[in-house]
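Here you go, one structure.
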């Protein structure tokens, strides 16, 4: 009987060490994981604010087109310019990676308005990639003028 009690005591010690190790690993993982998510959201927020400011600008050069664009802004006189909107749509549709780099982000984006967007005579849902099951999605909201009406611009970013 004495041997069984000693073996049982050794089993308890080993189980206690394993349980304590698991708790320490879980605690350390939880601390690091929460900071990582917070950093990602801060980076997304920063990029979203920067991108929305660039999109809601006149662009560079002021009369930019698909062949000569530095910053693809869609405004003229603080109103959405339909021609620049079409250029931005074409740029995002034809070469999404170049559009992302011109806007200075590594994240995916999708921009849409609260009113229907007309591009090349067609109604489009938005510009960029439409998010399907995204991770860390944020939405930036800005007010602007489109077709002589107040419109809300929504810019979604995710990784």
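Only the coordinates and a few stated rules stand behind these numbers; no lab work does. Keep in mind that what you see is a predicted model, and the values were worked out from it rather than measured. Quick reminder, even Gly has a Cβ in these numbers, built from the backbone with ideal geometry, and neighbours come from all protein chains shown.
Over the chain, with a Gaussian network built from C-alpha contacts below 10 Å, which listed residue (109, 89, 29) shows the highest mean-square fluctuation?
29
Another question, if that's okay. For n ≥ 4 DSSP H runs only, could you compute -39500 (n - 2.57) per run for the chain, divide by its residues and tell me the 222 nm figure to the nearest 500?
-16500 deg cm²/dmol
Give the angle, between 0 and 90 degrees and rounded to the nearest 10, that separates the Cα long axis of helix 2-55 from the longest principal axis of the Cα atoms of the chain.
Taking Cα atoms only, the helix is inclined about 10 degrees.
Where the centroid of each part is defined by its Cα atoms, how far is region 97-140 from region 79-95 in Å?
11
Candidates [x] 15.7; [y] 13.0; [z] 8.5; which is the computed mean projected area of the Cα convex hull in nm²?
Answer label, from the structure shown: [y].
Which FRET efficiency value, to the nearest 0.05, do you get for residue 133 and residue 26 by plugging their Cβ-Cβ distance into 1/(1 + (r/R0)^6) with R0 = 35 Å?
0.85
Next up: Distance in nm between label sites at residue 11 and residue 106, each 7 Å beyond Cα in the beta-carbon direction?
It works out to 5.1 nm between the two label points.
Arrange the peptides 75-82, 145-152 so that the one whose residues have, on average, the most other Cβ atoms within 10 Å appears first.
Per-residue mean Cβ counts within 10 Å order the peptides as 75-82, 145-152.
Once you put a point 7 Å from the Cα of residue 63 and another 7 Å from the Cα of residue 145, both along the Cβ direction, what distance in nm separates them?
The modelled label-to-label distance comes out at 2.2 nm.
Sorting 100, 142 on the 10 Å Cβ count, fewest up front, what's the list?
Least crowded to most crowded, the residues run 142, 100.
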